[in-house]
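This report refers to the structure that appears directly beneath it.
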Amino acid sequence: MIHSLSGGLIHNNKFYNYALVDVEKLGVCWYTFSEISIEVGDAVLVPYGKHNVLTRGVVIRIEKSVMEQTVPFPVNRTKEIYSKL
């Protein structure tokens, strides 16, 4: 088992790739990605809003291989990038 610096156990060793996407005229949101190769500046298609409307965005930051305990946005609330344009 792995222990955190504060003495607690780290139960999940899952890693995630996160991208900060500037969604056209709607704001900036974190998304996950796994199967596709994405770089800063790439245009992507992402689900946005309550109804997951596919919207164009531009990747402005990438965080690769982030442990679940340190992700920039909760995993269970993060949507996945649909495709690279």
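Around residue 18, under 10 Å between beta carbons, what's the net of Lys plus Arg minus Asp minus Glu among the other residues? Kindly include the intermediate steps, with their values, before the conclusion.
Working: positive: 61, 64; negative: 63.
Its environment carries a net charge of +1.
Between [x] -0.81, -1.01; [y] -0.97, -1.12; [z] -0.73, -0.91, which matches log10 I(q)/I(0) by the Debye sum over Cα atoms at q = 0.18, 0.21 Å⁻¹ calculated for the structure shown?
For log10 I(q)/I(0) by the Debye sum over Cα atoms at q = 0.18, 0.21 Å⁻¹, the calculated option is [z].
Compute the length gained on full extension between residue 78 and residue 28: take 0.36 nm times their separation in residues and subtract their Cα-Cα distance, giving the result in nm to one decimal. Walk me through the numbers on the way to the answer.
Values: separation 50, 0.36 × 50 = 18.00 nm, distance 1.27 nm.
Difference between extended and current length: 16.7 nm.
Can you tell me the relative contact order of the range 13-84? Whole percent, Cα pairs under 8 Å, sequence separation 6 or more.
Details: 147 pairs, mean separation 30.5, N = 72.
Contact order relative to length: 42 percent.
What list do you get for 31, 16, 82 if you sort them by fewest beta carbons within 10 Å? Before the final figure, lay out the partial values.
Numbers: 31 23, 16 19, 82 16.
Result, fewest neighbours first: 82, 16, 31.
Taking residue 50 as the anchor, which lysines have their alpha carbon closer than 23 Å to its alpha carbon, excluding any fewer than eight residues away along the same chain?
Excluding near neighbours in sequence, the set is 25, 79, 84.
Taking the number of other C-beta atoms within 10 Å as the exposure measure, put 33, 15 in order starting with the fewest.
Values: 33 22, 15 12.
By the 10 Å Cβ count, ascending, the order reads 15, 33.
If R0 is 35 Å, what FRET efficiency do you get for residue 85 and residue 13 from their C-beta distance, rounded to 0.05? Provide the component values of the computation, followed by the final result.
Numbers: r = 33 Å, r/R0 = 0.94.
Once rounded, the FRET efficiency stands at 0.60.
Pop out the ³J(HN,Hα) list for the range 65-80 in order, Karplus 6.51 cos²θ - 1.76 cosθ + 1.60 with θ = phi - 60°, rounded to Hz; leave Gly and Pro as x.
Going residue by residue, I get 6, 8, 5, 4, 6, 10, 5, x, 8, x, 4, 5, 10, 9, 8, 9 Hz, with x marking Gly and Pro.
Roughly what would the spin-label model give for residue 40 and residue 54, points 7 Å off Cα along C-beta, in nm?
For residue 40 paired with residue 54, the spin-label model returns 2.8 nm.
Give the residue list of trypsin sites (Lys or Arg not before Pro) in the range 23-85 that are DSSP loop and have at most 16 other beta-carbon atoms within 10 angstrom.
25, 50
Could you list which residues have their amide H under 5 Å from that of residue 80, counting only those 5 or more apart in sequence or on another chain, with H placed in the peptide plane?
Here 32 satisfy the definition.
Every number in this text was worked out from the coordinates using simple rules, so none of it is lab data. Note that this is a predicted model, so its numbers are computed, not measured. Quick reminder, even Gly has a Cβ in these numbers, built from the backbone with ideal geometry, and neighbours come from all protein chains shown.
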